[in-house]
């Protein structure tokens, strides 16, 4: 079914991870993006740190999967067919759902970001910075804290995440 792809990455890998990480239960995640290729990229990025229990390609499927699977966190694309990620977040809030929400988007727009946070999002990640920002944002959201990606315009004078 193209709108409700299911994926499971529950096998823990031990490639030098600390043993206490393997003994802790991994957080369960649903990912929603309208591009199947992006879903695969995100699942690959998350597989060592999280259990990806659902991959869906539209907003309605994201809402249904979140309600049915009860993940700890949902990663929502802002722009999806049927329902936007913002609409999904608002509906989850109306249903008193406590799943943490992180938005993943191409939009570097302060108004869209404000709408995402007002809808209940705890993370706003620009896809350009997904490799460096998505997992930290998810961990912050799971701890109840907000994480917002830097914008590419901030990167022109050097990275704000210097070591």
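The values are calculated or read from the model by the stated rules, or taken from the named source; none is laboratory data. All values derive from a computational prediction rather than experimental measurement. FYI the Cβ positions are ideal-geometry reconstructions off the backbone, even for glycines, and counts take in every protein chain you see.
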- Output the number of the condition that residue 80 fails; it satisfies all remaining conditions of (1) within 11 Å of the chain's Cα centre (by Cα); (2) under 19 Å from residue 43 (Cβ atoms). (1)
- Criterion (within 20 Å of residue 24 (Cβ to Cβ) and in contact with a strand residue (DSSP E or B) (Cβ under 8 Å, 6 or more places away or on another chain)) met by exactly one of 53, 101: 53
- Item | Filter result for residue 160 (modelled with pLDDT under 95 and surrounded by fewer than 20 Cβ atoms within 10 Å (Cβ to Cβ)) | yes
- Check off (1) buried (at least 18 other Cβ atoms within 10 Å of the Cβ); (2) under 18 Å from residue 143 (Cα atoms) for residue 88 and give me the number that stays unchecked. (2)
- Item | Which listed residue is farther than 21 Å from residue 28 by Cα, in contact with a strand residue (DSSP E or B) (Cβ under 7 Å, 6 or more places away or on another chain) and buried (at least 19 other Cβ atoms within 10 Å of the Cβ), from 126, 78 | 126
- Item | Subset of segment 129-157 (residues that are at pLDDT below 90 and in contact with a strand residue (DSSP E or B) (Cβ under 9 Å, 6 or more places away or on another chain)) | 150, 151, 152
- Item | Selected residue (only one of 89, 65 is under 21 Å from residue 40 (Cα atoms), out of contact with any helix residue (DSSP H, G or I) (no Cβ under 6 Å at 6 or more places or on another chain) and in a helix (DSSP H, G or I)) | 65
- Item | Residue pairs meeting the criteria (Cβ under 7 Å; at least 6 apart or on separate chains; first within 15 Å of residue 45 (Cβ to Cβ), in segment 116-138; second surrounded by 24 or more Cβ atoms within 10 Å (Cβ to Cβ) and modelled with pLDDT under 95) | 125/149; 126/149; 129/149; 133/149
- Looking at (1) under 20 Å from residue 147 (Cβ atoms); (2) touching a strand residue (DSSP E or B) at 6+ places or on another chain (Cβ under 7 Å); (3) in a helix (DSSP H, G or I), find the lone condition where residue 31 falls short. (3)
